[in-house]
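These notes are about the structure you will find just below.
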Amino acid sequence: MLNADHPPGGAQPLIALRGICKSFPGVVANDGIDLDIYGGEVHALLGENGAGKSTLMKVLYGFYRADGGQVLVEGKPVSIDSPHDARRLHIGMVFQDLNLIPALSVAENIALFLPDLRAVLNLREIERRITALAERYQLKVNPQALVSEISIGEQQKVEILKLLLSDARVLILDEPTRVLAPHEVQGLFTVLDGLRRDGYAIVLITHKMKEVLLCADRISVLRGGHLAGTMLAAEATEERLITLMFERPPAGLKSGRRSQRSGRAAPLLELRGVATRAAGTGIRLQRVDLKVHPGEIVGVAGVSGNGQRELCDVVLGMEPCVAGRKYLWGRDLTGQSIRSMRRSGVAFIPENPLGMAMVPFMTVLENMALTRTRRYARHGGLAVDWAAVKAEVSTTAARLAFTVPWYALARSLSGGNLQRMIIARELTHGPKLIVASYLTRGLDVQSAIAARQALVEAREQGAGVLLISEDLDELFALSDRLVVLYNGRIVGEFDPAETDAYQVGHLMTGSEG
Amino acid sequence: MSGVGVQPPSAMLGRRLLQTGARYLVMILLAFLLFGFILMLSGKEPLPSIRDILVSTLGSGYGLSEVVVAMIPMLITALAVALPSRVGLINVGGEGQLYIGAAFATWGALTLQHWPAWALLPTMMLLGMLGGALWALVPGYLRAIGLVNETITSLLLNSVAPKIVGFLIFGFWHSAMDTVKTANFVPAARLPTLFGTRIHLGLVMGLVLLALFEFAMRHTVWGLEMRAIGGNPQAAQRNGIPLKAYLVTTMCLGGAVAGLAGMAQVSGFYGVLLLNFSTGLGFMGFLICWLAGGEPLGILLLSFVVAVITTGGNLLQLTRDLPYAVINILLAFTLFVVLARPAFFEGKKA
């Protein structure tokens, strides 16, 4: 029933994976996975974090070496020991964080990747080939533009062009929509559609159900390193996929009643005409006015890199205001230290957990104490009360149903797990204002629901939340008020009930109407 | 790698001790092996020379005591590097801080010489630490406000400090007999010696500081915060740990420790402030700390080894007619071997 063995194209799969096994210390990422990939199909690999999707595809791309199992290309067993081997077999992969060199032009980046690159570059020729391909598949980019000057969406197009020009027949895309605005996602799907029609095999790694149902031909669901099932997209429904992804369907999000008083109570946070200094090529905030009331979730929509980090840092006190004032709990706290901001009840869930919140070579337990070291100091600082740290964080973690690997080094945790630890830590001390940047990035469906639920609960207890996200579904589901950040300014404010994703999406990308 | 974090860190201390010891032993053997080759090439017999080094230092109680005497300032200056290194600061200024610390302590010894020892010595220690700390404040502060890298400034200040000491000696403090040094310190200004040797109380100071350092880093809130800064300054800052304050404070503390080494040298070893009394003690401390990876145990061990090499080397000049440069070669080999860190005794790096 679950096995949809009708190939859309010919009878011979382009790629056949047989019994792929791969384990890392302490984790079995792939446990005997069989998978067929045909030419002319978009094959979605769906699964929660740590299900083994990326690992499986990195094995296919030669990035990891499998512990066991076989890869067959057009029926012939091959050994893929490096990405180089994979590319020779016409397999290409676009990673989550794109790998382009900012200082080089689009054409130069693509040239670097070509297998038959001659000693004397004929960039003109390469540009011609880029343009031809770009027109065929609606991947329009300017080949002469510097990568540093084009948007993330365009960079992704360049990555795809790179693979096409190097004769890849199998394109693996790892969470390609993560970095895109809604209308860009639509564009990507159009591109994939064109490629599929020309016989390319496309593997889409994702955990976004809606997208899968929109653009895939077949869907394979991984769970805990096993293949839970494969089905035709036409036969799939959200419920069926969720049942495959989890043993039991996750509880839905209780959004709860929105606070009625939010308009009237004095704001917890108020930014008045705040500006930050211009640092390097970064964005500076300009004349930002923003209020967060108690019992209110204010969503900040925007494509990342439009001032989100600066906004969080201003609230936290990391980034000084060069103009304007910052009021918290009705007091002017512009220029206060981060420690005093945290002590007075500001929690911060940053966009990049390992870079901005955790110390990689410390244990989780030690990391848990870092935001409030003085709270856990005993004997005037000569000792740290680790039992108290554990007790306090455990309570929060239990509420979220997260398990805490206390003595693991932070760097050994997966991205999703790390994010869970940060959420548990930041929600521990009953924060009054929560600044959450890309809260659910990297989280699987169940953890994401738990994290969102925790924010809703905090709101019900009267906390204010500043929620920064690119996921419009999340913003619409959670926010009581929605503002759009574009190029360092707040360019729009909406009631989520009275607006739609396209209106917000256009403001996000600065393309009016 | 993932196995490391499964048990609480304290359970691994014993194994860590053993591993560290074995690792350094192999490395030192390797360095001596290479040194032997060089001696052979220069037409000397390697074994007798190496035997000379070992016998003259480890072979007798007196030899051993002289090694310990040489080891004291290196041990302390190594610690002066290790402390700031935990927050990611590179303090190359141990030499300068040592000189200024010695100068401050000397001022105490000369002007307060009527004080009893129980008051004078602690005062001199504090003065030495104050001097070193002030000298380190300059690079520490400039770094904290993001103006200049501390490596450059602390290094450059090294050539200024001896000149200041020279100025003080020539200008004010020189004895009636001799212009390149002060008058001998009064007995109350001398650190007591131990076991009837030249080993002075500086050894105890060094060991106590080393133990304090280890304890502070491992168990206290400040150690936790410092490790956080060293591990990820950005995260530490966003978590509310006052980064700038720590940068300035740890740099000054490092300077204070180096200043104390200077005080120990003039009060314990020389009993007089001598022009250019240190030729690279601070640098040797830097080297030792670096080789030991900032680990207290490694610092203890390596400062002993380096002391063996330098004291033994002095003897080689007499017995084997070898130039002192040979000792630099041996030191360089030690450095080389430790830096190369052959994989087979790498073990698990925590």
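Restricting attention to the stretch B:174-192, the residues that are buried (at least 17 other Cβ atoms within 10 Å of the Cβ) and in contact with a strand residue (DSSP E or B) (Cβ under 7 Å, 6 or more places away or on another chain) total 4. All told, A:VAL359 meets the bar of being in the same structural domain as A:VAL435 (by TED's automatic domain parsing), out of contact with any Phe, Trp or Tyr (no Cβ under 9 Å at 6 or more places or on another chain), farther than 20 Å from A:ARG452 by Cβ and not small (Gly, Ala, Ser).
Listed here are the residues, each with its yes/no results for (1) within 25 Å of A:GLY199 (Cβ to Cβ); (2) touching a Cys at 6+ places or on another chain (Cβ under 8 Å); (3) of a type outside the set (Phe, Trp, Tyr); (4) not assigned by TED's automatic domain parsing to the domain that holds A:GLN446.
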residue	(1), (2), (3), (4)
A:ARG18	yes, no, yes, yes
A:ALA29	no, no, yes, yes
A:LEU45	yes, no, yes, yes
A:GLU48	no, no, yes, yes
A:TYR64	no, no, no, yes
A:GLN70	yes, no, yes, yes
A:PRO102	no, no, yes, yes
A:ILE110	yes, no, yes, yes
A:ILE130	yes, no, yes, yes
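Scanning the stretch A:333-355 for residues that are crowded, with 18+ Cβ neighbours inside 10 Å, at the interface with chain B (Cβ under 7 Å from one of its Cβ atoms) and farther than 17 Å from A:THR276 by Cβ gives A:ARG339, A:ARG342. Scanning the stretch A:168-176 turns up at least one residue that is assigned to a loop (DSSP other than H, G, I, E, B), in the same structural domain as A:LEU56 (by TED's automatic domain parsing) and within 26 Å of A:GLU470 (Cα to Cα). Filtered by the rule that a residue be farther than 17 Å from A:GLY345 by Cβ and in a loop (DSSP other than H, G, I, E, B), the stretch A:420-445 gives A:TYR438, A:LEU439, A:THR440, A:ARG441, A:GLY442, A:LEU443, A:ASP444. Scan the stretch A:377-392 for residues that are in contact (Cβ under 8 Å) with a residue 24 or more places away in the chain and more than 14 Å from every other protein chain (Cβ to nearest Cβ) and the total you get is 1. Of the candidates A:ALA107, A:ALA119, A:ALA134, A:ALA111, the single residue that is loosely packed, with under 13 Cβ neighbours inside 10 Å and of a type in the set (A, V, I, L, M, F, W, C) is A:ALA119. Is at least one residue of the stretch A:364-386 surrounded by 23 or more Cβ atoms within 10 Å (Cβ to Cβ) and closer than 30 Å to A:TYR486 by Cα? No; the residues of the stretch A:364-386 include none that is surrounded by 23 or more Cβ atoms within 10 Å (Cβ to Cβ) and closer than 30 Å to A:TYR486 by Cα. Of the residues making up the stretch A:315-327, none is within 23 Å of A:GLN503 (Cα to Cα), assigned by TED's automatic domain parsing to the domain that holds A:LEU472 and out of contact with any helix residue (DSSP H, G or I) (no Cβ under 9 Å at 6 or more places or on another chain). Within this structure, A:GLU426 fails the test of being within 21 Å of B:ARG218 (Cα to Cα), within 14 Å of chain B (Cβ to nearest Cβ) and buried (at least 23 other Cβ atoms within 10 Å of the Cβ). Screening A:THR396 with (1) within 12 Å of chain B (Cβ to nearest Cβ); (2) touching a Leu at 6+ places or on another chain (Cβ under 9 Å); (3) not in a strand (DSSP E or B) gives one miss only, at (1). When the stretch A:311-332 is limited to residues that are within 14 Å of chain B (Cβ to nearest Cβ) and in a loop (DSSP other than H, G, I, E, B), the one that is farthest from the chain's Cα centre (by Cα) turns out to be A:PRO320. Within the stretch A:197-210, does at least one residue satisfy the condition of being over 19 Å from the mean Cα position of the chain (by Cα), among the hydroxyl-bearing types (Ser, Thr, Tyr), buried (at least 19 other Cβ atoms within 10 Å of the Cβ) and outside any loop (DSSP other than H, G, I, E, B)? Checked against the condition, which is being over 19 Å from the mean Cα position of the chain (by Cα), among the hydroxyl-bearing types (Ser, Thr, Tyr), buried (at least 19 other Cβ atoms within 10 Å of the Cβ) and outside any loop (DSSP other than H, G, I, E, B), the stretch A:197-210 yields no hits at all.
The helices (runs of 4 or more DSSP H) found entirely in the stretch B:192-255 that carry 2 or more residues being within 7 Å of chain A (Cβ to nearest Cβ) and free of Cβ contacts under 8 Å to residues at least 40 places away in the same chain are B:221-231, B:233-238.
The values are calculated or read from the model by the stated rules, or taken from the named source; none is laboratory data. Everything quoted here is computed from the prediction, not taken from an experiment. As a convention, Cβ positions derive from the backbone with ideal geometry for all residues, glycine included, and neighbour counts pool all protein chains shown.
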